[in-house]
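Encoded as structure tokens, the structure appears first; notes follow it.
The values are calculated or read from the model by the stated rules, or taken from the named source; none is laboratory data. These numbers were taken from a predicted model, which means no experiment stands behind them. Quick reminder, even Gly has a Cβ in these numbers, built from the backbone with ideal geometry, and neighbours come from all protein chains shown. Ligands, DNA and RNA are stripped out before the accessible areas are found, and what is left, the full protein with its side chains, is counted by its heavy atoms. Shrake-Rupley method; radii C 1.70, N 1.55, O 1.52, S 1.80 Å.
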Amino acid sequence: MPLKAAARNELLARYKSRLALGRDAVYGGGSPREAPPARLLRDYSTLIDGILTGLWKETEIRETLALVAVGGYGRGELWPHSDIDLLLLLPDAPDADTAGKLECLIGIFWDIGLEIGQSVRTIGECLDEAADDLTVQTALVEARYLTGNRALFREFELAFGARIDPRTFYTSKKLEQYERYLRFQETPYSLEPNCKESPGGLRDLQMILWIAKAAGIGRSWDDMARREFITHSEKHLIEEGESFLRRLRILLHLHTGRHEDRLLFDYQETLAGQLGFEPTETKRASEQMMQAYYLTAKKVVQFNTILLQNLGSVIFPSRVHEPIPINRRFQNTYQLLNIVHENVFNENPRAIFETFELMQRHSELKGLTARTIRALWRTRGLIDESFRNDPENKARFIGFFKSGRGVLSELRRMNQIGILGAYLPNFGAIVGQMQYDLFHVYTVDQHTMQVLRYLRRFSLPEFAHEYPLCSQLIAELDASWLVYVAALFHDIAKGRSGDHPELGAVDAREFCEAHGLSSEETGRVVWLVENHLIMSDTAQKKDISDPDILAGFAAAVGDEWRLSALYLLTVADIRGTSPTVWNGWKGHLLEALFGETRKFLLSGGKPTAARGVLLERQREALRLLRYFTVAENAQETLWKEFDTAYFLRHSPEEIAWHTRMLHYRVDSEQPVVKARINPNGEGINVLVYVRDACDLFSRLVSFFSHSGYNIVDAKVQTTRHGYALDSFLIFDVGGREDDRDMIAYIEYELTECLIRQIPPKTPVQSRLSRQVRHFPVAPRVSIQPDEKGAYYILSISAADRPGLLYMISQALARHQANLHTAKIVTLGERVEDNFLISGGGLTDSARRIQLETELMESLEVPRN
């Protein structure tokens with residue numbers, strides 16, 4: 001019979017108190033920071049065991065049923081805010097009375113504050129569901145008896161053990177891990193990793209023990225050591241890493257008060273303090289904690305790889321085949337590179353690099369044996385100055401870059417095992433180093449590997465459709481391997497005080513000279529490292545339609561080889577920064593800069609006079625207009641209102657579009673607003689033609705912001721007869737499926753806004769991103785005259801947030817500064833905007849300082 005209300009309330013009060021007191025005894029005070037994490041998890045699990053078994057008995061559940069812990073709780077690891085996974089095991093289908101009692105019991109579990117994940121099944125139902133669901137099968141591998149019918153549980157254990165197929169389980173778990181790795185971009189090194197699910201997290205260790213249990217090999221690291229799957233020193237390293245990850249996850253749960261496994265920026269500083277990390281002059285406490293996390297994750301991935309291979313060799317015993325000799329030191333064992341004995345590297349340290357050389361040469365080899373990985377890991381300390389100065393080792397290392405295959409895979413493998421950082425100590429210094437710049441999402445070393453990954457993709461035919469120009473250039477580029485060397489060094493000086501491209505160039509020169517590169521090859525690598533940012537800066541921050549800008553960039557590049565190599569490195573660098581930083585507009589800007597610069601260089605580097613450029617663009621615009629049957633000379637009335645700057649700032653295609661839309665509306669009393677899909681990639685082009693007003697730009701910015709669009713490029717032109725011709729490229733931030741649906745809306749609503757002269761509205765404020773709140777960028781503002789002294793360049797670098805461009809436009813309007821062009825560059829959570837302005841008393845230094853000061857104050861990130 002169900003419990004009466006009074007008895008139930010008394011029971012709830014008693015067990016709630018028991019749970020609260022017990023939980024405080026386990027996790028209260030300083031125990032989470034001081035006690036061994038394994039003991040905390042076990043003690044909490046034991047507490048819950050007692051509560052569940054007590055309630056089971058007091059609610060008089062039938063003796064024929066069994067209560068079973070499964071999943072993480074089943075292995076005796078219960079985290080502060082994880083679900084408590086239970087199996088209520090039945091001998092047969094429940095009758096109404098049993099079902100009622102079970103429902104009451106589960107309700108009581110929840111009412112006292114336990115978060116239960118329960119299943120009610122017979123043995124047959126367990127076996128059937130496990131056969132179809134890997135998650136269920138994995139949870140049942142961890143099954144542990146709590147109370148009730150022990151014989152029934154034993155029957156379940158025997159039936160489940162007989163049904164589970166270790167080979168199928170092993171294969172399924174490996175595929176599951178592969179899919180999990182893909183969800184996290186196959187890297188442990190994201191700046192906000194998941195300490196449970198990311199590669200190198202706790203799940204990698206748990207998976208090994210699941211497979212070992214399913215195969216009857218063992219249930220613990222002690223068992224794995226006894227069976228000689230790992231050495232005792234490796235067991236110690238695994239337990240040390242597991243302990244660090246466990247403590248981190250426990251503290252994370254307690255700090256957030258919920259089941260949270262992501263190491264978000266919001267929590268990192270607090271957790272670092274709780275783990276005993278203290279800030280230094282050069283590193284935050286959180287940076288030190290995260291570097292410790294990455295090094296731990298790296299070891300975990302390593303042991304996961306070794307143990308999966310060793311377990312697989314036992315679970316899938318193959319017919320014995322003699323290894324195929326490769327040379328006196330190495331052999332092919334089941335398509336894996338294997339050392340012939342344990343002391344190969346101790347006897348001949350040169351064989352360390354030979355390992356990776358052979359992997360590049362022999363396409364039939366699919367990886368390294370666990371024995372080889374172990375031996376490399378243990379002997380990486382042999383890479384000392386003597387090793388680095390050995391001419392044969394130097395030649396082999398340079399050979400890695402020159403090889404036609406395996407460049408990325410072997411450099412990645414070397415980095416994973418710790419060989420790369422040992423050979424290049426300056427690279428070792430950036431392993432696991434975080435980047436708090438609001439747009440990188442990987443550590444410095446992982447970002448470098450991502451850049452190398454994209455360079456490699458450019459060279460593979462199967463990816464030519466993704467990057468057609470890059471694929472063409474890298475195929476045609478003489479000594480393209482030098483770009484890989486430059487990529488390895490481009491960020492090697494990150495974290496040091498000083499300019500990292502300049503410092504990295506010094507490292508690159510030392511490396512190239514020490515490794516016997518010619519003076520020409522050395523010069524190319526050093527130039528690429530030192531100048532790896534100039535193409536991105538020029539394309540995104542400057543007006544590349546300006547002949548002087550183009551001539552200056554071409555002069556800095558110097559020749560076509562450097563231009564092609566720099567383009568390849570720049571595209572790879574941006575794409576390797578974050579999955580979200582690259583977009584079609586950036587691709588168009590870079591490709592346009594590349595194309596125009598190449599034409600300039602092929603013409604002998606002779607700059608075209610402004611008048612010549614103007615006439616060339618007018619001729620091309622007229623050619624395009626003929627396709628649209630625009631009457632001959634129809635452009636004259638409009639064009640006579642434009643100054644030379646208009647034709648220099650706009651492409652022929654833009655000039656033709658503007659002319660088509662406006663040639664018969666030159667003196668229109670009504671605003672003209674036209675929109676179209678950007679022909680050069682993503683976004684919408686918007687043209688606005690209206691009588692000029694001092695707050696016009698602010699009103700346009702306000703409209704786009706409230707409509708859910710970001711401005712990424714703006715050109716502002718004032719005609720001789722007082723009209724503004726403003727053109728924009730805008731990107732949707734609202735997640736709409738098709739920009740075409742918004743074209744009519746923009747044209748109608750913006751026209752109405754301008755006709756009614758609706759004043760600008762402050763954009764709706766929204767929450768700042770985690771990155772901006774925890775790692776604010778100190779804003780920078782500068783106003784400098786351009787080379788000709790006709791205009792001023794306003795440069796702004798600040799943390800991005802809603803309404804930022806509106807605030808800038810308001811400041812310019814208050815100072816009556818005229819805006820001519822705007823380059824809006826968003827790099828993750830940071831903006832780097834450049835505006836060409838005039839007027840507003842900018843010739844007076846005091847007025848410039850006043851504007852700079854106002855902008856600095858408005859750009860400061862508000863503190864919570």
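Have a look at A139, A159 and point out the one that is under 19 Å from W79 (Cα atoms), among the hydrophobic types (A, V, I, L, M, F, W, C) and open to solvent by 20 Å² or more (accessible area, probe 1.4 Å).
Numbers: A159 fails: under 19 Å from W79 (Cα atoms).
Within the list A139, A159, the selection yields A139.
Please tell me if A656 is within 24 Å of K599 (Cβ to Cβ), small (G, A, S), in contact with a strand residue (DSSP E or B) (Cβ under 9 Å, 6 or more places away or on another chain) and open to solvent by less than 30 Å² (accessible area, probe 1.4 Å).
Numbers: within 24 Å of K599 (Cβ to Cβ): yes; small (G, A, S): yes; in contact with a strand residue (DSSP E or B) (Cβ under 9 Å, 6 or more places away or on another chain): no; open to solvent by less than 30 Å² (accessible area, probe 1.4 Å): yes.
It is false that A656 is within 24 Å of K599 (Cβ to Cβ), small (G, A, S), in contact with a strand residue (DSSP E or B) (Cβ under 9 Å, 6 or more places away or on another chain) and open to solvent by less than 30 Å² (accessible area, probe 1.4 Å).
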The strands (runs of 3 or more DSSP E) lying wholly within region 42-135 that contain at least 2 residues that are among the hydroxyl-bearing types (S, T, Y) are 116-122
Scanning region 257-267 residue by residue, the ones that are in contact (Cβ under 8 Å) with a residue 40 or more places away in the chain and out of contact with any Cys (no Cβ under 9 Å at 6 or more places or on another chain) total 7
Flagged in region 524-536 as part of a helix (DSSP H, G or I) and open to solvent by 40 Å² or more (accessible area, probe 1.4 Å), in numbering order, are R524, E530, I534
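Okay, residues lined up against (1) under 23 Å from Y646 (Cβ atoms); (2) open to solvent by 40 Å² or more (accessible area, probe 1.4 Å); (3) among the aromatic types (F, W, Y); (4) touching a Pro at 6+ places or on another chain (Cβ under 9 Å):
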| position | (1), (2), (3), (4) |
| --- | --- |
| R780 | no, yes, no, no |
| G803 | no, no, no, yes |
| S809 | yes, no, no, yes |
| R814 | no, yes, no, no |
| E860 | no, yes, no, yes |
Here the qualifying pairs (Cβ atoms under 8 Å; residues six or more apart or on different chains; first in region 314-343 and under 28 Å from I211 (Cα atoms); second loosely packed, with under 11 Cβ neighbours inside 10 Å and acidic (D, E)) come out as N332/E364; Q335/E364
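Name the residue, out of L638, L648, that is in contact with a Leu (Cβ under 8 Å, 6 or more places away or on another chain), open to solvent by less than 70 Å² (accessible area, probe 1.4 Å) and closer than 26 Å to G595 by Cβ. It would help to see each step written out before you state the result.
Values: L638 fails: closer than 26 Å to G595 by Cβ.
Of the residues listed, the single one that is in contact with a Leu (Cβ under 8 Å, 6 or more places away or on another chain), open to solvent by less than 70 Å² (accessible area, probe 1.4 Å) and closer than 26 Å to G595 by Cβ is L648.
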Quick count over region 666-686, residues being within 22 Å of Q757 (Cα to Cα) and surrounded by fewer than 13 Cβ atoms within 10 Å (Cβ to Cβ), is 3
In the set R361, R378, R412, R371, the lone residue that is more than 17 Å from H515 (Cβ to Cβ), modelled with pLDDT under 95 and touching a Phe, Trp or Tyr at 6+ places or on another chain (Cβ under 9 Å) is R378
Sole miss for L237 among (1) under 26 Å from the mean Cα position of the chain (by Cα); (2) open to solvent by 40 Å² or more (accessible area, probe 1.4 Å) is condition (1)
Residue pairs within 7 Å by beta carbon, gap of at least six or interchain, first lying in region 537-559 and within 21 Å of H820 (Cα to Cα) and touching a residue at least 24 places away in the same chain (Cβ under 8 Å), second open to solvent by less than 20 Å² (accessible area, probe 1.4 Å) and part of a loop (DSSP other than H, G, I, E, B), listed first then second, are Q540/V825; K541/V825; S545/H650
When region 821-839 is checked residue by residue, the ones that are surrounded by fewer than 19 Cβ atoms within 10 Å (Cβ to Cβ) and under 21 Å from L725 (Cα atoms) are S838, G839
Residue hits (region 712-753; open to solvent by less than 20 Å² (accessible area, probe 1.4 Å) and more than 28 Å from D543 (Cα to Cα)) are C753
All conditions in (1) open to solvent by 30 Å² or more (accessible area, probe 1.4 Å); (2) at pLDDT below 90; (3) of a type outside the set (D, E); (4) closer than 13 Å to I746 by Cβ are true of Y709 except (1)
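If you check E176 against the conditions, is it surrounded by fewer than 20 Cβ atoms within 10 Å (Cβ to Cβ) and under 30 Å from N415 (Cβ atoms)?
Details: surrounded by fewer than 20 Cβ atoms within 10 Å (Cβ to Cβ): yes; under 30 Å from N415 (Cβ atoms): yes.
Yes, satisfied.
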Restricting region 537-581 to residues that are among the basic types (K, R) and farther than 20 Å from F458 by Cβ, the one most open to solvent (accessible area, probe 1.4 Å) turns out to be K542
Restricted to region 616-635 and to residues being open to solvent by 40 Å² or more (accessible area, probe 1.4 Å) and hydrophobic (A, V, I, L, M, F, W, C), the residue farthest from K823 (Cα to Cα) is A631
Subset of region 543-562, residues β-branched (V, I, T) and touching a Lys or Arg at 6+ places or on another chain (Cβ under 8 Å), comes to I549
Residues of region 638-668 being in a helix (DSSP H, G or I), of a type in the set (A, V, I, L, M, F, W, C) and in contact (Cβ under 8 Å) with a residue 60 or more places away in the chain, in sequence order, are A645, L648, L662
E521 vs (1) over 21 Å from K394 (Cα atoms); (2) in contact with a helix residue (DSSP H, G or I) (Cβ under 8 Å, 6 or more places away or on another chain); (3) open to solvent by 20 Å² or more (accessible area, probe 1.4 Å); (4) not β-branched (V, I, T): all pass except (1)
Residue set E192, E197, E186; condition at pLDDT 95 or above, assigned to a loop (DSSP other than H, G, I, E, B) and out of contact with any Asp or Glu (no Cβ under 6 Å at 6 or more places or on another chain); output residue E197
